Amino acid sequence: MHEMTTRLRASLAAILVMGALLALPGIASAQFGISSFSTTTSSPQAGGHPDLTASFALNTDSVGNPIEQLKNATVVLPPGVLGDAQSFERCATRTFDQLKCRPASQIGVFEGSFIICRGVDIPLEATAEAGSKILTLSNTAGMCAAAPDNAITIGTGATAETARLAYVLSPTTVELQQPLEFTHAAGEPVTHIAETPRVPLPLMNLQPSPGHIATFGASLLLANIFIQVDMRPDGRLTATITEASTLLGLQSAALNLWGVPADPSHDALHCNMWGIECGTDGLPATSFTTYPTKCDGAPLENELTVESWRGASSRSTSTEAAPTGCNSLQMSPSLSVVPGSTQEDSPAGYNVDVNVPQQAEPYGLATPALEHVSVALPPGTSLSPGLANGLQACSEDQFAEGSCPDASKVGTAEIATPVLAQPLTGGIYIGAPTASEKYRLFARVSGDGVTLNLAGRVEANEQTGQLTAVFDHAPQLPFSDFRLNLFGGPGAALANPQSCGVATSTAELTSYGGQSASPSSSFTVDANDQGGACPASKPFAPNFTAGSSSPAAGAFSPFTLTIARADGERNLETFDAQLPAGLVGLLKSAAPCLEPQAAQGSCPASARVGTATIGAGAGSQPLYISGPVYLTGPYGGAPFGLVTVINVVAGPFNLGTVVVRSRITVNPRTLDLSIASDPLPQIVGGIPLRLRALSVSLDRPRFILNPSNCAAQSVTATLSSIQGPSVDASAPFDVVGCSSLPFAPKLSASTPGRASSQGNGAGLDIAIATAGATAAAMKSATITLPSAMHPRLSTIQHACPPGVTDLQSGCPAESVVGSAVVSTPVLPAPLTGAVYLVAHGGTRLPSLVMVLHGDGINVELDGSLSIAHSGAVSASFLTLPDAPIESLKLNLPRGRHSILGAAGDLCGKSLGLPYSLTSQGATKAKATARVAISGCTSAEGKSSAHKAGHSSKKRARR
Amino acid sequence: MSSRWLSLAICAACAIAPASATAAEHSSLNASFSPDKLAKATTVGIGFQLKSGATPLTRLQLRLPTGVTAGFNTLGLETCTLAGLEARGSSACPSNALVGLGHAVVAVPLGSQQLLEPVSIKMFMAPAANEHTVFLFYADGSAPVIDRLVFQSVLFGESGIFGGRLDTAIPPVAGLPGSPDASVISMQAEIGPKSLRYHTHSHGRTVTFTPEGFDVPARCPRGGFPFSGTFTFADGSEETATTRVSCPRTP
């Protein structure tokens, strides 16, 4: 107590003269800077509460004066070195100014070296004779006669002598206390080394200045030392002597922070501000400092930066002992994960709280700070695609500057730490993706002048979508609660599991001291957020719509097919849609995308036939993404395919390109198209799509042609669900105006004049030409053989037997009775193939079946043979597919297995071929075509010299 | 009546009959002599109508009255071979080999339809086999389908009231695969000089003459001249039908 009192008195006396002294210019030319900086701890125990000391001294000139006056001095404390100011009484500023702060607010000692008397170096103006007490100087400014240590040195070398000042007689003369021993010539130096006694001052915990987490103060009566404590965004504390008074002439300082201020060891220095009434009796033992809880063996580095009033600055570092004994640390954290809504398959806000109870015993070891926080959300809880609607990302710079856009904010964060009185609060933002981290979370919290930036990431399992939020290398800052509140609503970041049941989150927490814990938290997912039970079997009843934009028969029109499911239903896996009869795509108009481009999804625009849109995500605002649909060549055994290419860009996230292949199959009998998809992607970039809607619009201009039949039809589909049943869906489809479509086919026929009933029989060529896609398609065609021609039993005997399904491979060669070629605007190349005579047993008349091939499509056109009572033989194709054709050519040649025979040569005969053609819209074209006879000599052909034509005017009627 | 006219005449009656078309419960046989005079050469007319629903006829044994089978020395002056007939049709046979004409109706199943195909029949004399007289049958249909059938018949001697048995094996006539074979359901033929004209060369000229036919015996058995036909069907069943030609009136 005595020492403290003495020093205080000395300091008070010194302050009386400082004002004049400190204004004097410096003497030497040394630079402003730090001459020494050291830090010490009373114990390296990790998590302990040691006394900490940071000392520094500034450079001085040759006579001990500071080069420049210190303005600011900032010590950046090592990570994990903390002070708990809020647990101590905070002295009001006014009370502090009145030197009335109570001992309960003292948290250490500030020991400064202040200049009581500046050092000087002044030459003698006149010779000072030995024995004289008077010195004549150029000026006497800076001479401190009243200073305790007022010795000056006169001269140099062997005659240099030290004397004490008695008085300053005038601005140019001083009187010594004793006469000179030597004579000193004018010009010899008179020097005085600056006096800087160290003054220990109680360091009081003050009410924090605005913007600072703590303010410490030490009072030197007229000049106070204020130390502002701040926390950097990385969690490190800084202590700054701010705007040190020039009256102080601070030359060095030592900041002693006590581990447990009430510890009796501090009794001698634990005093009131007058330096009296020292002691700790009655004060509660509370720890103030905390040593880091990381024991990696690395010394702790402190960093000191000083700045002069003239703007010069200097920096220095110091180390102190590495913490030890981390294995003695303990922690017992807990986890709470609670969604805002427990309804299955719905977007929901989530509240995540990692609670870490802090050890409060003053002599106990602090709870280690968490270094690694990893929270695995329940399986099934996933990123919600709807989040991406309007979402922006916060860049690194924006994060650092605290200017993350609002559109990147997905929640709030709160950190409660014993270091601060109030929790730090702020927002959670989606960080801009990097090459290594796709989903980043930026948490920026602030309060009491503190701002912490925590950069984390979310790891989304590529297979399951399970999310794990990870914050690595958290600040070495103890916290009691780390709360994340992710917003709910349609644009929530997360979506609940798609199944009811207990959902468990698990955290993996690792401290800087090496401790780890795995707390967990569970909640129950229900049907309605009210605890309702989910159905035993998850429903799957997607809505299915399909139709053409225009209902006009035979018109080009985009065709759109849409599948949508509700929240809570099973996910769609595949679809297999059967398009209505007559709805065809003019494949000829697009250039199919070839492999491997099709597999890679890099198709040219010339192959594009439509657009696909997917709606992904639970809730009322799914994320909709569109991409082109291309026509491909053969795929999956089908003659054609579609490839849908969707570049999944969800807000700031580019999740890559999704390529979905589909097969286009063609019914060989009806030419009806089916589109069957491969399994649809369920998860992209770790985000389960929760596919809500899939819409495929085949909208290439003049590509999809409506049917020319107006029968009520439907688009049917088989929709399969993930690990669940398939359902059949149907959407009505019909077109109007079929009767107004033009239908004017032209039929012509010819036959070789040479014919017989035996041998090579007779031949017949029939050709039908239509206007193609601009006319109604043909529904039926009945052609009656000229009366001179009849089928031959010897060929009929070799018809393809009943039951053969693959005519090409199963029918005998003798059953091939001709060939056919069909040109259609649907396909790039004509369909060609053989004509088979096919028997059907006793149930049906035999058929002439055209088995046509082209572009991988197999088509079978079945025409039944019939024989009228009159003996007329007809072939009736009654169920022709509703597809436009440009021409159909049927060739029944002569030959050993000719189907036709005639009693003899046909030259000179008049042959008529009656036919009846009916459009899909029931328009009929009925006439008899004159059969041209070829290969006759002019004499033979005289009676049939007229050209082939129609014997009667063709009648078209409806 | 030429075969062409015969066909046309029959064609008027031909029809597309359903498979279940009704017909007689029993097969029937008819016979005639033309001219119908005792001890005169004649043309034998013979025909049959098979019972309804019969499976295809595979064998026909036609028994002729005693005495009728002798005396056709100039009928079938020349012969025709089965192979030639099959290969080239009736044009392969000389006109002097023709011994008779006829027509038949053949049922040709065609899926759900059954065609009743009228066919014309020509009978030719073939080289004797084991001293038995052999006839060749050439059946030819042209509408609604074109078909043709060749088979042979052998004349064997008989005892009792029948003097000979014309044994005819009828080969199956395939129709559409998977459908029953075609089958003869009726036939009418005339064997003998009627409608036949033979040619011979004499002194560098072609001479046309009518061949001799069968001899009608000088005496008519009580009740007339008996004819019998035994029909063997594809299912193995047999049926016999008989008929008689009434005794000619004595001039």
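A short reminder: the numbers here are calculations on the coordinates, not readings from a lab. Note that the coordinates shown come from a computational prediction; the quantities given were computed from them, not determined experimentally. We place every Cβ from the backbone using ideal geometry, glycine too, and count neighbours over all the protein chains shown.
What the table below lists for this structure:
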item	result
Greater than 26 Å apart at Cα, pairs in A:889/A:924; A:909/B:122; A:889/A:926; A:588/A:779; A:746/A:779	A:909/B:122
Size-normalised alpha-carbon gyration radius of chain A, reference 2.2 N^0.38 Å	1.67
Relative contact order (percent, whole number), chain B, Cα cutoff 8 Å, 6+ residue spacing	29
Karplus-derived HN-Hα couplings along region A:878-891 (A = 6.51, B = -1.76, C = 1.60, θ = phi - 60°), whole Hz, x at Gly and Pro	9, 10, 5, x, 7, 9, x, 10, 9, 7, 9, 10, 10, 10
Relative contact order of region A:297-415, defined on C-alpha pairs under 8 angstrom at six or more residues apart (%)	14
Mean shadow area of chain B over all directions, Cα convex hull, nm²	14.9
Two-site FRET efficiency, residue B:239 against residue B:37, from Cβ-Cβ distance with R₀ of 25 Å, rounded to 0.05	0.20
Region A:681-798: mean projected area of Cα convex hull, nm²	15.3
Check: the protein assembly as shown dipole with +1 on Lys, Arg Cβ and -1 on Asp, Glu Cβ, in debye	10100
Spin-label model distance (nm) - residue A:744 vs residue A:667, 7 Å beyond Cα toward Cβ	3.2
Pairwise label distance in nanometres, residue A:524 with residue A:814, each label 7 Å out on the Cα-Cβ vector	7.9
Amide hydrogen neighbours beyond the local backbone of residue A:932, cut-off 5 Å, H modeled	A:749, A:750, A:751
Under 5 Å, built H, 5+ apart or other chain: amide partners of residue A:112	A:199, A:201, A:254
Region B:41-69 versus region B:113-180: alpha-carbon centroid distance in Å	11
FRET efficiency, 1/(1 + (r/R0)^6) with R0 25 Å, evaluated for residue A:872 and residue A:832 via beta carbons	0.30
Average other protein chain Cβ within 10 Å of Cβ, residues A:757-770	1
Rg over Rh [alpha-carbon atoms, Kirkwood Rh] for region A:96-225	1.23
Zero-based 5 Å bins, Cα pair distances in region A:160-250, whole percents	3, 10, 14, 15, 10, 8, 8, 7, 7, 8, 6, 4, 1
Phi to ³J(HN,Hα) by Karplus 6.51 cos²θ - 1.76 cosθ + 1.60 over region A:424-434, Hz, x for Gly, Pro	7, 10, x, x, 10, 10, 7, x, 4, x, 10
Cα centroid separation - region A:599-646 against region A:812-874, whole Å	36
Relative intensity, log₁₀ I(q)/I(0), of region B:21-109 from a Debye sum that treats every alpha carbon as a point, q = 0.12 Å⁻¹	-0.57
Rounded Å value of the spacing that divides the Cα centres of region A:680-745 and region A:447-525	43
Lys/Arg +1, Asp/Glu -1 at C-beta; the protein assembly as shown dipole; positive extreme among B:228, A:773, A:609	B:228
MRE, 222 nm, helices only [DSSP H, n ≥ 4, -39500 (n - 2.57), over chain A, to nearest 500]	-1000 deg cm²/dmol
Cut-off under 5 Å, modelled amide H: who pairs with residue A:64 long-range	A:194
Kirkwood Rh (inverse of mean 1/r, distinct Cα pairs), region A:780-865, angstrom	13.7
Region B:101-109 - phi-based ³J(HN,Hα) in whole Hz, Karplus 6.51/-1.76/1.60, Gly and Pro as x	9, x, 8, 8, 10, 10, 8, 10, x
Separation of the residue B:59 and residue A:316 label points, Cα + 7 Å toward Cβ, nm	13.7
Sites residue B:174 and residue B:208, calculated FRET efficiency, Cβ-Cβ separation with R0 56 Å, nearest 0.05	0.90
Helix A:2-21 axis, angle to chain A major axis (alpha carbon atoms, nearest 10°)	90
For region A:40-94, the spread of Cα positions along each principal axis, largest first, Å	43, 36, 17
Check: chain B dipole with +1 on Lys, Arg Cβ and -1 on Asp, Glu Cβ, in debye	800
For residues of A:844-852, the mean tally of beta carbons on other chains within 10 Å	2
Student exercise, region B:186-251 dipole from Lys, Arg, Asp, Glu Cβ charges, in Debye to nearest 20	520
Region B:162-251, relative contact order [Cα under 8 Å, separation at least 6], %	17
Shielding by partners, peptide B:148-156 (average Cβ within 10 angstrom, other chains)	1
